[in-house]
1. Which of (1) under 24 Å from residue 69 (Cα atoms); (2) part of a loop (DSSP other than H, G, I, E, B) does residue 203 not meet, given it meets every other one?
2. Pick from the stretch 111-140 the residues that are among the aliphatic types (A, V, I, L, M) and surrounded by 18 or more Cβ atoms within 10 Å (Cβ to Cβ): which of them is nearest to residue 195 (Cα to Cα)?
3. Go through (1) among the acidic types (Asp, Glu); (2) under 22 Å from residue 38 (Cα atoms); (3) modelled with pLDDT of 95 or more and name the single condition residue 181 misses.
4. If you scan the stretch 97-156, which residues turn out to be among the acidic types (Asp, Glu), farther than 13 Å from residue 176 by Cβ and touching a residue at least 24 places away in the same chain (Cβ under 8 Å)?
5. Out of the stretch 146-174, which residues are within 15 Å of residue 82 (Cβ to Cβ) and modelled with pLDDT of 95 or more?
6. Can you tell which of 49, 71 is on the phi < 0 side of the Ramachandran plot, surrounded by fewer than 24 Cβ atoms within 10 Å (Cβ to Cβ), touching a residue at least 24 places away in the same chain (Cβ under 8 Å) and of a type in the set (D, E, K, R)?
7. Of the residues 172, 167, 143, which is more than 28 Å from residue 33 (Cα to Cα) and either surrounded by 21 or more Cβ atoms within 10 Å (Cβ to Cβ) or in contact with a strand residue (DSSP E or B) (Cβ under 6 Å, 6 or more places away or on another chain) (or both)?
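The values are calculated or read from the model by the stated rules, or taken from the named source; none is laboratory data. None of the values given here were measured: they were computed from a predicted structure. Every residue, glycine as well, gets a Cβ built from its backbone with ideal geometry; the counts of neighbours run over all protein chains shown.
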Amino acid sequence: MHERSGAGLARRAAGWLRRRAGVYSKPSWSQCGEDLIVAFVLDTLGVPRPSYLDLGAHHAYYLNNTYLFYRRGARGVNVEADPVLAKRLQRARPRDITVNAGVGPEAGALQFHIMSAPTLNTFSAEEAKRYCNEGGHRIERTLIVEVYTFAQLIEAHCDGVPDFVSLDVEGLDLPVLRSIDFARHHPLLFCVETLSYSESGQGRHVDEIDELMDQAGYLRYADTHINTIYVDEARWRRR
């Protein structure tokens, strides 16, 4: 009797210690827990350590959709147009490849606007002006940055088509998606910013992205209001 009671107390004490230590917690580095949703989908499909392509990576871990997988031992490619942020990414995530460039529907060199809020950095002069007018932000400086297409980045830096693509390139998300040849490059999973920026929080969901991804064979798996997660529908149905 005493032995059983002692064993039960020990188990309860061990459980309490695990909870206190955060053993059962699931930390997230994304803006709205998108990385945990993506991890659940990938785990379900048997891909716990995905290869990834982070377009508009911004920061090594702050509001980042791929850092969770880097911590798990995965490797990928981070594409960041801001040279200062790109250097910080490379230092913080040495196993990854960091490319100081932009992504667009066409290759070339474009003017890049560094905003007072780095999360709003953009190649779109129209968007930069709107951020200033609506949100009281300012353009800190502009510079010319090389821009590559989705296909060029994969062929130059990825070991095949990545499992997971995170896309957050202020004002260019839809044009970039429209430029992808999905018959040639068909990642398993996408996380795309689908809410237009609004300082008041009243942004518009970009329905055109949903329609495009549906036509490309992707299921709209989840939406966090700001970002939408799409999974290859055929692969998901076969799970």
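1. Status for residue 203: all satisfied but (1).
2. Applying the filter and picking the extreme gives 120.
3. (2)
4. Passing the criteria: 126, 127, 134, 140, 146.
5. 146, 147
6. After applying the criteria, what remains is 49.
7. Details: 172 fails: more than 28 Å from residue 33 (Cα to Cα); 167 fails: more than 28 Å from residue 33 (Cα to Cα).
Among 172, 167, 143, only 143 is more than 28 Å from residue 33 (Cα to Cα) and either surrounded by 21 or more Cβ atoms within 10 Å (Cβ to Cβ) or in contact with a strand residue (DSSP E or B) (Cβ under 6 Å, 6 or more places away or on another chain) (or both).
Residue by residue, here is whether (1) closer than 22 Å to residue 128 by Cα; (2) touching a residue at least 40 places away in the same chain (Cβ under 8 Å) holds:
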residue	(1), (2)
158	no, yes
163	no, yes
169	yes, yes
172	yes, yes
176	yes, yes
180	no, no
188	no, yes
191	no, yes
208	yes, no
